[in-house]
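Colleague: Supplied in structure tokens, the structure appears directly below.
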Amino acid sequence: MTSVFIVRPFGKKSVTVLDKDGNDSSVLIDFNQIDKELIQAALKKNKLVGKTTEVIASAGNIRLDMFQMLIAYDLVIADISIDNANVFYELGIRHGLRPNGTILIRFPISGKDVPFDLKTDRYIAYERENPSAAVDLLASSIGDTILTMRSSERKADSPVFLLLPALAAPDPIKLTVVPREFQEAIDRAKNDGCNGAATLALLAEEAKATDWARGGLKLVGRAQRGLAQLGAAQQSRYQNGMNVFKLAKQTWEYIRRDVPYDVEANLQLATIYQRLNEPETSSQACERVLDGQALAEAMDRADALAQLARNKKADWVKDFISLESEADRRQQALLDSRLIDAYEGYRKAFAEDLNVYYPAINALGLLLVIVNLAEIEAEVWGDCFETPSKADNALADYREQLIVLDGAVQMALEKAKKIGQRTGKPDEWLPPSEAQYKLLTSKKPVFVGKAYQAAKNSGGKGFVKQAEIAQVKILQSLGLFTENCSVAIKALMDGEPASGLEPGPPQLQPRGRILVVTGHRIDSPDRQAPGRFPNTPECIEKARGWLLQTIQNEKNATEGAVSGMGGAASGTDILFHEVCAELDIPTTIVLPIPIESYRRKSVADGGAEWVEKFNKLVVANPPIILSDSEDLPIWTRTVQGYSVFQRGNIWMMEDAMISPNTDVTLLALWNGAAGDGPGGTADMLSLAEARGLKLCRQNTNQLFELD
């Protein structure tokens, strides 16, 4: 995802140099050749590709795009060998707006030094007559520069930022525009619920190949986390939710790989790690936000501090909740220093930003636990201090804090409500927080029940029933606010049995398997030898026989349910669906383009018989269609070597892997030769191998006895 912009002279330039006799001599320098032999070669060693203003020159006025590239691109390589006004102008913009990520290169000219303003800057020297000799040096510098940009030090190489260390650089993401069509595709995927998870994974892969990768991936990552929370909140889709959390983790980690201190990426990952039961990694992500390198706003710092406190609280709960007696739970909870740590963490988060009520309500809850347990278990509380007077003073101090915090929480909740009323956009997270406040403070249980019923009825994204029950039962397990807790649980469950402290996985069924198919299409009548899948009864029967035996073997080796997925091209795909139907295995048909276009491109040249098979298949088993056009989406049309069929392969692979409690096997009928282009069988096998999936493949040359 590291983006590179190259600032250099173009074409051939006449340069005055000293000849061997010390006299001025004019030579012609081909800077395009230097770019090819030195810059592009060095970038290739780092698996990078660089762009210049040549790629945008056809647009007419290139200044806007040029400015965007100079500011937003991660790395700029500038050739300052000659006095080229455009090069120095663009370099000045870069130095003025980006603190690091700039590499200067130059071939020396006898008797001529670099401009005065650049004399203190380091540059890589290369030979004008043999630029390729410096490839390794430049490649190493590129690698080192990228590592420095990703490290905690992130030393400046811009003379402007070196002289003005307090100068703040603009956020590159704010200077890049994610295509509206891409954003709309994300919205459609979100509306598909967890079924849209594969589409989001596909969009993430496509975004990585664009100039707006980081901005696009952030949109995808937010949507993935939202789907994950939705799935995890619903018991029947719990495992789906956990798998989508893993996808969201991959997306945000990809962003953080290039920008380690990206605030949003670390905050998102902090929550995702916590949900995936990785508390230590979650806390590390929070610490990165709080590091001075992150330049986090007050709200972000409050979020990070609150997540740290949440991790402490989770550890605290885990160690007392399983104890059998209420007395043992109280003593353990009170003696555990993480109770105080979690409270202080939430209070510190609220102090960071008084507009954020989430840490405030949690701090209030833990402070009430401290005070109530200290009063109930006075002897245990006393054992936490050197002297009785210190114990009494500490409790008195906490009681005073309680009065102040209670008032602050009321004001924060009231402010959030008024903002919602004024803007016409009610805060969906507010109702459950108000219910929790009632639980902690109300003397009349009936009002607690009404508050939780109202929160439940609001149906906002801030309300997850099982999570709310878990919080109530923490207090209930300690014998605190017992009447309020009972009423709250009754309102939340509405007659359903309340079991479990945390939303957890349902009883898993035996592990299932998804069979994904790929393989050659039937040879068209005009295909020249050698063929790949001759359209003869003998070859068709051999292919069917291999599929039948392989699918039966996979079914026999699987305890749980077996299902299939594939395209519907003439040949391997259609035979696969037919064989699965014979074995009572349900299949899903995935078409990357509309039915009519797919039939014309992937079925019709097989002949009328295959067209008839296709028509019957899609009527009996309506396909998932990824696009309403046979063209690539507009945001992918600049991606080299990409096709609509490759999109289909990626979607199928992601959808199969998201399925919970399920293994994936790829069945491939293939002659082992590349040449079917992006989206062909070779592409599908590469995707499966990269993901470590089980492969069942058969060489069609051997199966069909082809030369």
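Colleague: Which value, in Å² and to the nearest 10, is the accessible area of residue 352 when all protein chains are kept and the probe is 1.4 Å?
Modeller: 60
Colleague: At a Förster distance of 30 Å, what's the computed FRET efficiency of residue 163 paired with residue 136, Cβ-Cβ distance as r, to 0.05?
Modeller: Details: r = 32 Å, r/R0 = 1.07.
With R0 = 30 Å, the Cβ-Cβ based efficiency is 0.40.
Colleague: On to the next question. Calculated FRET efficiency, residue 379 and residue 403, Cβ-Cβ r, R0 30 Å, to nearest 0.05? Intermediate values should be presented prior to the final figure.
Modeller: Numbers: r = 26 Å, r/R0 = 0.85.
Result of the calculation: an efficiency of 0.70.
Colleague: What is the gain in length, in nm to one decimal, between residue 44 and residue 608 on full extension, counting 0.36 nm per residue of separation less the C-alpha to C-alpha distance? Write down the numbers at each step before the final one.
Modeller: Values: separation 564, 0.36 × 564 = 203.04 nm, distance 4.80 nm.
So the extension gain works out to 198.2 nm.
Colleague: Efficiency by 1/(1 + (r/R0)^6): what FRET value for residue 581 and residue 699, r their Cβ-Cβ distance, R0 = 30 Å, to the nearest 0.05? Before the final figure, lay out the partial values.
Modeller: Numbers: r = 26 Å, r/R0 = 0.86.
After rounding to 0.05, the efficiency reads 0.70.
Colleague: Counting heavy atoms of the protein chains only and a 1.4 Å probe, report the per residue accessible area for region 400-441 as a whole number of Å². List each step's numbers first, then the result.
Modeller: On the way: 2550 Å² over 42 residues.
Ligands and nucleic acids excluded, the result is 61 Å² per residue.
Colleague: Let me ask something additional. Please go through region 413-451 and write out the chymotrypsin sites (Phe, Trp or Tyr not before Pro) that DSSP classes as loop and that have at most 12 other C-beta atoms within 10 Å. Numbers along the way, then the final one.
Modeller: Values: sites: 429, 437, 447; in loops: 429.
Hits after loop and neighbour filter: nothing returned.
Colleague: Count the net charge of all other residues whose Cβ sits under 14 Å from the Cβ of residue 547, scoring Lys and Arg as +1 and Asp and Glu as -1.
Modeller: Values: positive: 542, 544, 555, 697; negative: 541, 554, 573, 578, 582.
Overall, the nearby charge balance is -1.
Colleague: Using the Cα centre of region 529-626 as the reference point, and only Cβ charges (+1 on K/R, -1 on D/E), how large is the resulting charge dipole? Debye, rounded to the nearest 20.
Modeller: On the way: 9 positive and 12 negative charges, 59 e Å.
Taking the Cα centre of region 529-626 as origin, the dipole is about 280 debye.
Colleague: Roughly how many debye, to the nearest 20, is the charge dipole of the chain about its Cα centre, given +1 on each Lys and Arg Cβ, -1 on each Asp and Glu Cβ, and no other charges?
Modeller: Working: 80 positive and 93 negative charges, 213 e Å.
Dipole magnitude for the chain comes out near 1020 debye.
Colleague: Using +1 on the beta carbon of Lys and Arg, -1 on that of Asp and Glu, and nothing else charged, what's the dipole of region 328-447 about the Cα centre, debye to 20? Don't jump to the answer; show the numbers that get you there.
Modeller: Details: 15 positive and 19 negative charges, 160 e Å.
Here region 328-447 has a charge dipole of around 780 debye.
Colleague: So, one more: Taking square-rooted eigenvalues a ≥ b ≥ c of the alpha carbon gyration tensor, is region 605-707 rounded, prolate or oblate, where a/c under 1.5 means rounded and, failing that, a/b exceeding b/c means prolate? Don't skip to the end; give the middle numbers.
Modeller: Numbers: a/c = 1.24, a/b = 1.08, b/c = 1.15.
Rounded is the answer for region 605-707, as its axis ratio a/c remains below 1.5.
Colleague: Pop out the carbon and sulfur fraction of the accessible area of the chain as a percent, whole number, probe 1.4 Å.
Modeller: Details: 16870 of 33810 Å².
Carbon-and-sulfur percentage of accessible area, whole number: 50.
Colleague: To the nearest 500 deg cm²/dmol, what mean residue ellipticity at 222 nm is calculated for the chain from DSSP H runs of n ≥ 4 alone, each contributing -39,500 (n - 2.57), summed and divided by the residues? Walk me through the intermediate numbers first.
Modeller: Values: 29 runs with 386 residues, N = 707.
The helix contribution divided over the chain gives -17500 deg cm²/dmol.
Colleague: Can I ask one more? Give me Rg/Rg_expected for region 236-379, where Rg uses Cα atoms only and Rg_expected = 2.2 N^0.38 Å with N residues.
Modeller: 1.16
Colleague: Tally Lys and Arg at +1 and Asp and Glu at -1 over the other residues with C-beta under 11 Å from the C-beta of residue 527: what net charge comes out?
Modeller: Combined, the nearby Lys, Arg, Asp and Glu give -1.
Colleague: Would you please classify the overall shape of region 183-227 from the alpha carbon gyration tensor, given that a ≥ b ≥ c denote the square roots of the eigenvalues, rounded means a/c under 1.5, and beyond that prolate means a/b larger than b/c while oblate covers the rest? Can you show the working numbers first?
Modeller: Details: a/c = 2.08, a/b = 1.86, b/c = 1.12.
Since a/c reaches 1.5 and a/b is larger than b/c, the shape of region 183-227 is classed as prolate.
Colleague: Remind me, relative contact order of the chain in percent, using alpha carbon pairs under 8 angstrom and six or more residues apart?
Modeller: 8
Colleague: Let me ask something else. What ratio of Cα Rg to 2.2 N^0.38 Å holds for region 390-438?
Modeller: On the way: Rg = 15.1 Å, N = 49, 2.2 N^0.38 = 9.7 Å.
That ratio works out to 1.56.
Colleague: Any idea which of 657, 124, 670 is furthest toward the positive side of the dipole for the chain, if Lys and Arg beta-carbons carry +1 and Asp and Glu beta-carbons -1?
Modeller: Sorting the options by dipole projection puts first 657.
Colleague: Between rounded, prolate and oblate, where does region 545-658 land on the alpha carbon gyration tensor, with a ≥ b ≥ c its root eigenvalues, rounded for a/c under 1.5, else prolate if a/b exceeds b/c?
Modeller: Values: a/c = 2.26, a/b = 1.41, b/c = 1.61.
Oblate shape, in that a/c is at least 1.5 and b/c is the bigger or equal ratio.
Colleague: If every alpha-carbon in the chain counts as one equal scatterer, what log10 I(q)/I(0) does Debye give at q = 0.07, 0.08, 0.10, 0.12 1/Å?
Modeller: Cα-only, vacuum Debye calculation for the chain: -0.68, -0.84, -1.10, -1.26.
Colleague: Residue 544 to residue 322: extension gain in nm, 0.36 nm per residue of separation minus the Cα-Cα distance?
Modeller: In short, 74.3 nm is gained.
Colleague: Report the net charge of residues surrounding residue 31, where surrounding means a beta-carbon distance below 9 angstrom and charges are Lys +1, Arg +1, Asp -1, Glu -1.
Modeller: Counting the neighbours of residue 31, the net charge comes to 0.
Colleague: Residue by residue through region 157-165, what is 3J(HN,Hα) from phi via Karplus (6.51 cos²θ - 1.76 cosθ + 1.60, θ = phi - 60°)? Round to whole Hz and write x for glycine and proline.
Modeller: 10, 7, x, 5, 6, 5, 7, 10, x
Colleague: Would you kindly state how much longer the chain becomes between residue 638 and residue 410 on full extension, computed as 0.36 nm times their sequence separation minus their alpha carbon distance, in nm to one decimal? Write out the running numbers ahead of the final one.
Modeller: Details: separation 228, 0.36 × 228 = 82.08 nm, distance 5.35 nm.
Fully extending the segment from residue 638 to residue 410 adds 76.7 nm.
The values are calculated or read from the model by the stated rules, or taken from the named source; none is laboratory data. What you see is a predicted model; the values in this text were computed from it and never measured. Positions of Cβ are backbone-derived with ideal geometry, glycine not excepted, and every protein chain shown enters the neighbour counts. For accessibility, only protein heavy atoms count, side chains too; no ligands or nucleic acids. Shrake-Rupley method; radii C 1.70, N 1.55, O 1.52, S 1.80 Å.
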